[in-house]
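Right, one structure below, let's go through it.
Just so you know, all these numbers are worked out from the coordinates, no wet-lab data involved. Note that the coordinates shown come from a computational prediction; the quantities given were computed from them, not determined experimentally. Cβ coordinates were reconstructed from backbone atoms using ideal geometry, including for glycine residues, and neighbour counts include every protein chain displayed.
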Amino acid sequence: MNKTAFITGATSGIGKATAEIFAKKNIRLILCGRRVERLKELQKELSKLTEVTILQFDVSKRTEVETAISSLPENFKQIDILINNAGNAHGLSTIQDGNIDDWDAMIDINVKGLLYVSKAIIPKMIKSNTGFIVNIGSVAGKEVYPNGNVYCASKHAVNALNKSMRIDLNSYNIRVSAIHPGAVETAFSEVRFKGNTQKAKSMYAGYKALQAEDIADIIYFVVTRPYHVNIEDLIVYPTAQASPTIFNKS
């Protein structure tokens, strides 16, 4: 598959796993993240399999996004696949006890970051009349759960933006899809619980959570369907999870 993929949040979790499977399938990679050393390590590793370039920026910073994307080498300017994966959760509290800085971080990264990156790349896809955008949402974008408030709101926004993109870009032959994972065992929970590793691990105790590789495998499946096929919206749970709050734990 002689395509170029642009992946945000590529240094860990779902983004990293997606980069790895794409590299094995000879998809050229533009890997993006905030941690430049991790980007360099990943570039060194995956360059053995495919062409890789890296961009270090924070998706929540509009100027950084625009500057980084405009700096792409000429042979990487044609982007066929955009994986809007960067996102995070900060805290888990009631609306009345919520931390406004946490709210700002979630809205800036999960919503505005997705918009900034998409706005910088979509014109290129429109010009070529082709492309595929995959937005990584969450089951939190389908159901609201206790103490999820602003995080759920940010992922509901991703769900709405995914639908809007598909409508607005339909006449340009651009496919748009969203994948909404349930519980995935990554460093995501450590961020949510602000480095409390024990509390983060307890989120996955007593059952088999999804792994980053599970979602990466699904992303690859979605982007490799025949071009007339657009898998527009997928919810993915581990078998032990029935809803955002119901788990079968041993």
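Looking at the range 104-207, the helices (runs of 4 or more DSSP H) lying wholly inside it that each contain 2 or more residues that are surrounded by 19 or more Cβ atoms within 10 Å (Cβ to Cβ) sit at 114-128, 149-168, 188-192.
Note on the range 83-106: residues that are of a type outside the set (A, V, I, L, M, F, W, C) and in contact (Cβ under 8 Å) with a residue 40 or more places away in the chain total 10.
Would you check if residue 59 is over 15 Å from the mean Cα position of the chain (by Cα), β-branched (Val, Ile, Thr), crowded, with 19+ Cβ neighbours inside 10 Å and within 28 Å of residue 174 (Cα to Cα)?
Working: over 15 Å from the mean Cα position of the chain (by Cα): no; β-branched (Val, Ile, Thr): yes; crowded, with 19+ Cβ neighbours inside 10 Å: yes; within 28 Å of residue 174 (Cα to Cα): yes.
So residue 59 fails the test.
Looking only at residues of the range 8-24 that are in contact with a Lys or Arg (Cβ under 9 Å, 6 or more places away or on another chain) and not in a helix (DSSP H, G or I), we find that the one that is surrounded by the most Cβ atoms within 10 Å (Cβ to Cβ) is 10. Screening the range 208-250 for residues that are of a type outside the set (A, V, I, L, M) and part of a helix (DSSP H, G or I) and picking the one that is surrounded by the fewest Cβ atoms within 10 Å (Cβ to Cβ) gives 221.
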